[in-house]
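See below for the structure under consideration.
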Amino acid sequence: MSGPTEPHGVMPGAEPFAFPGGDGPDGRTGVLLVHGFTGTPMSMRPWGEHLAAEGFAVRCPLLPGHGTRWQDCNTSTHDQWTTTVEQAFDELAAECDRVFVAGLSMGGTLATRLAQVRPDDVAGLLLVNPALLTQRVDAKLLPLLARITPSWAPIASDIKKPGVTELAYPKLPTRAMMQLRRLWAATRADLGTVTAPVIVFHSVEDHVVEPINSTILLAGVGSSDTTEVLLEDSYHVATLDNDAPRIFAGSVDWIRARVGAGDHPVTGSPAAETR
């Protein structure tokens, strides 16, 4: 067995991935995908494959502390997560004319944070059940829990579709959760600095991230182009759930509409409410 100081291998299926994409009529467009807390790129791969099949360049990194064992997550920091996302963005941007950023749950938080610190670089945000806070009662106990126990009940695989399981940790790492709360606070405080176009897909019923998170995000961003799409037939991990085809097709249409408009925000969308 590996000792506590030795690195642990990545779980099969949890590996980062990248697809080269092709040049479209408006040049090369990239999409950076960011997975959620305790999750892995596995939850984003079907979306990434769909985007690649439509000609987009795609990249999805594995966040530090993820995809190995839950104990590793407790030694990671939110600064490491944001740095990894920024590096992956720069790698994709070097190959593309523009890059959109898409995230699930904490991946949505990290995508939003990137748009705050790199407002001139992010072409748009595609967020699925993004997280900014929690209303769970036991969350009030987290600072105490993090001191007395390294793990708590898991949050993985909140999926309505039968027979689908998310590749994620079987426990919630409490120290890492404290890092996530700091990321939430910083991101909430700077929502008004987000100016990129935003589309939020969020589940009506979500047992991990309450729908009010999407409401707060949409109300708080400074973007003039925001779209909200309600998912009626999925739980939290909607990228693997019944509404996944709707997310995949909707994201392609949304990106193409904005690339076709010369990367400038557009108003009006027949398929969704635009604010």
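The values are calculated or read from the model by the stated rules, or taken from the named source; none is laboratory data. This one's a predicted model, so the numbers in the text were calculated from it and none came from an experiment. Note: ideal-geometry Cβ built from the backbone for every residue, glycine included; neighbour counts use all protein chains shown. Each accessible area value is taken on the protein alone, full model and side chains, heavy atoms only, with ligands, DNA and RNA left out. Shrake-Rupley method; radii C 1.70, N 1.55, O 1.52, S 1.80 Å.
Roughly speaking, to the nearest percent, how much of the stretch 17-259's 1.4 Å accessible area is carbon and sulfur? Taking all protein chains in place, the stretch 17-259 shows 54 percent carbon and sulfur surface. Count Lys and Arg as plus one, Asp and Glu as minus one, and take only other residues whose Cβ is under 13 Å from that of ALA186; the net charge is then +2.
The residues packed around GLY30, meaning those with a beta-carbon under 9 Å from its beta-carbon, carry a net charge of +1 if Lys and Arg are +1 and Asp and Glu are -1. In terms of packing, defined here as the mean over residues of other Cβ atoms within 10 angstrom, the peptides 79-90, 171-182 line up highest first as 171-182, 79-90.
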